Amino acid sequence: MSRRALRRLRGEQRGQEEPGLGELGLDLGPGPGPGPGPERGREGPLPAAAAAARRGRRGPARTGVSNRFELITAEESEDEPPSREEGTDARLSERDAAGGNNEGAVTEEAEGDGQREGEEAEQPDQTPVLSNKPRKKKKKRKTKKTSAGETLEDNDLEDIDSLLEKIEDTNGLSQQTQSGIIADSRPLLYVEHRNLNPENELKRYFGARAVLGDQRPRQRQRQYVRSTWLTAPKNTWPRYSKTGIAMQLVDTRRGVQYFTFEHHREYQQVQFKFLDAVESMDPNNIVLLLQMNPYHVDSLLQLSDVCRMQEDQEMARDLIERALYSLECAFHPVFSLTSGTCRLDYRRPENRAFFLALFKHLMFLEKRGCPRTALEFCKLILSLDPENDPLCVLLLIDFLSLRAREYTFLTRMFQEWESHRNLSQLPNFAFSVPLAYFFLSQQEERSELELSQARERAARLIQLALIMFPSVLMPLLDHCSVQPDARVASHSFFGLNAQISQPPALNQLTSLYVGRTHSLWKDPAVMAWLETNVHEVLRMVEARDPLVEESEHKRKMRYQSAPRNIYRHVILSEMKEATAALPLEVTSQPVMGFDPLPPLDSIVSYTRPERTNHPSNESTLSLFFRSLLPNFNLQGDIRHDGDEEAAAGQDLNQGVNRLMAAMRDMLANIQFQEPPRDDNPEGDGDWD
């Protein structure tokens, strides 16, 4: 006899429930109950765990004891727990056996109250034994059963999570490892929903209690609103209704879906009113328009810029979030934020608001101290149009990766995109990627081989960056308040000549990078590593390495003029160092916050109707007299036939004659009132 059987027998002798005939698989008596048919022969005895669970539900032991030593033969079959289907079949067969043997067989008790009452009715001999004390025990057992049910629900939730993970694995979307390294099977621009919420990042920094505070009870009392991924709707916002914006699926090519926003007729009329309000140069007109249409996207974007200029950052951020909420409510059912295969064409004016709202929102997140969330939004913008990159977020994604300490993502992006995008020709990638490798070489949890490889790559890439862009070093040291040594300061390779001789387009890129990321280079360990590589570069320059001359030739041939998306990025970033380097053709034209530097090849779906009541070619003098005399028209009936040159003198004389007639009429209508005469100039001398 084994220890397992002895423990069972000892437990039965301590007062636990004795096994019934249905559990032992015996059939006593010639009743109509089913015998040991093929189904029961297949299942065998029930496991001890199921029997113990039934004993706990049934309560006190009952009569009708059979041979306990029959359990010894079932030892081997009870070692493995049966499946749920086998347990269900066994319970059903026991109920049938109990229905046939009413004299000695004990039926299994169901969890419902009605089944308990039916079983007590079948066994009236146990009714007088019940008292208040066993009833209390029943309540305790019910509580235990509830806790066990909660445990089962938790196990079911864990099973659901494991199933979801398997589904994501089959789609090629594996989870992040504990070290934060993105798996190779996941797309580069894959966006996670949980990283789009800045509260999740703040919870990791400060804890849930410090971030949420007393928001939980308020959320329970809030009325139902549509849940979104980009922003969380607030109670202070106006009630949302359909704004007239919709999204349509335009085309699907090679697994990539192309979408576009559309403006309905009602929204087009509001858009025309918005353009009139912008031309009036009065923000109050935009405020009045938003009171009538609280979710008009372009009005929200333009008013957000006005609030930001007035140092009202909270209101500016709130308006941008409201614009994102309005656009997300208009998404197509197939449009996905996370797949990275959905595209929007920036050439369409209806799509530009979504790009600009996302960019301004990530700028607010970065200033708020949520670089990981800002990086996720940056990946989202890049995934909408990775080929053209209309807002040129490639100039920003390296900075956000370094701030969020996503060094592996930055190095992986450089490795995958360098061959077809030439990322090393951008100063920001040329300097940020070796800085990321340097930070990876400082992580102690990595192996020694990985650390040595990271150090070698960091040294090699930073030397290439210093040779290709020598004008970055001195402004970078100046922003970091670091004085270079005499050798570096006196050398002409890194001197003032390097900054003057570079093209204007390259000057914009270097100024933008230094102004944005100089705070990441202030670490003493980083400065010591940079100093070592600067001296190595000077040694290569003095040795007349051919790489130095080749890099100088590339700088002169390339960077002749910057594309329009770089100018657009500089304007949106508002970096003083880069804005000062913008060319005159960009700064001379008006730049609107809702559509800065629109593309030259825009795809216009609807046009603004021309206004005939305000001629555009009126002079200042004509507008002045129109303000005095609304019916005055200096141009009169101008001829539109072919001989405009012959009639120019006559039109001029007619205009002068009309002007003189209008001035005579104005002077004739002026009446001067004489002051009232005072018959007693001396007065009484009394003061009122």
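Pairs over the 22 Å Cα-Cα cut-off, from the set 203/367; 234/360; 522/576; 273/360; 242/360: 273/360; 242/360. When the surface is traced with a 1.4 Å probe over the full set of protein chains, residue 381 keeps roughly 0 Å² accessible. Between residue 405 and residue 232, the contour length at 0.36 nm per residue exceeds the Cα-Cα span by 59.7 nm.
In a DSSP loop and with at most 16 other Cβ atoms within 10 Å, the GluC sites (Glu not before Pro) in the range 396-451 are 444, 445. Calculated FRET efficiency, residue 262 to residue 543, Cβ-Cβ distance, R0 = 60 Å: about 0.45 to the nearest 0.05. Whole-Hz Karplus values for the range 507-517 come out as 4, 5, 5, 5, 5, 5, 5, 5, x, 8, 10 Hz, taken residue by residue from phi with 6.51 cos²θ - 1.76 cosθ + 1.60 and θ = phi - 60°; glycine and proline positions read x.
For the range 251-379, the dipole from Cβ point charges (+1 on Lys and Arg, -1 on Asp and Glu) about the Cα centre works out to 640 debye, to the nearest 20. Using θ = phi - 60° in the Karplus curve 6.51 cos²θ - 1.76 cosθ + 1.60, the 3J(HN,Hα) couplings for the range 518-529 round to 5, 5, 6, 9, 7, 5, x, 5, 5, 5, 5, 5 Hz; x is entered for Gly and Pro. What the phi angles of the range 592-607 give under the Karplus curve with 6.51, -1.76 and 1.60, with θ = phi - 60°, is a coupling list of 9, x, 7, 7, x, 6, x, x, 6, 10, 5, 9, 9, 9, 8, 10 Hz, glycine and proline written as x. The chymotrypsin sites (Phe, Trp or Tyr not before Pro) found in the range 224-291 that occupy coil by DSSP, while having at most 12 further C-beta atoms within 10 Å, are 224. Peptide packing: for 576-589, 192-205, 509-522, the average count of neighbouring Cβ atoms within 10 Å per residue gives the ranking 509-522, 192-205, 576-589, highest mean first. Per residue, the range 228-277 exposes an accessible area of 64 Å² to a 1.4 Å probe, with every protein chain left in place. Overall, the ratio between the Cα radius of gyration of the range 407-534 and 2.2 N^0.38 Å, rounded to two decimals, is 1.06. For residue 581, no residue 5 or more places off, or on another chain, has a built amide H under 5 Å of its own. Of all the C-alpha pairs in the range 289-420, what % are more than 19 Å from each other? Here the long-distance tail beyond 19 Å is 54 percent of all Cα pairs in the range 289-420. Counting only protein heavy atoms and a probe of 1.4 Å, the accessible surface of the range 335-455 is 44% carbon and sulfur.
Rounded to the nearest 20 debye, the dipole magnitude of the range 482-613 is 300 debye, with +1 charges on Lys and Arg beta carbons, -1 on Asp and Glu beta carbons, and the Cα centre as origin. Extension gain for the segment residue 312 to residue 282, taken as residue separation times 0.36 nm less the Cα-Cα distance, is 9.0 nm to one decimal.
Close amide H partners of residue 260, meaning residues 5 or more places away or on another chain with modelled amide H under 5 Å apart, are 248, 250. Only Lys, Arg, Asp and Glu carry charge here, each on its Cβ (+1 for the first two, -1 for the last two); on that basis the range 240-298 has a dipole of about 340 debye about its Cα centre.
The values are calculated or read from the model by the stated rules, or taken from the named source; none is laboratory data. Keep in mind the model is a prediction, meaning the values are calculated, not measured. Note that we place each Cβ from the backbone using ideal geometry, even for glycine, and neighbour counts take in every protein chain shown. The accessibility values were calculated without ligands, DNA or RNA, using every heavy atom of the protein model including side chains. Shrake-Rupley method; radii C 1.70, N 1.55, O 1.52, S 1.80 Å.
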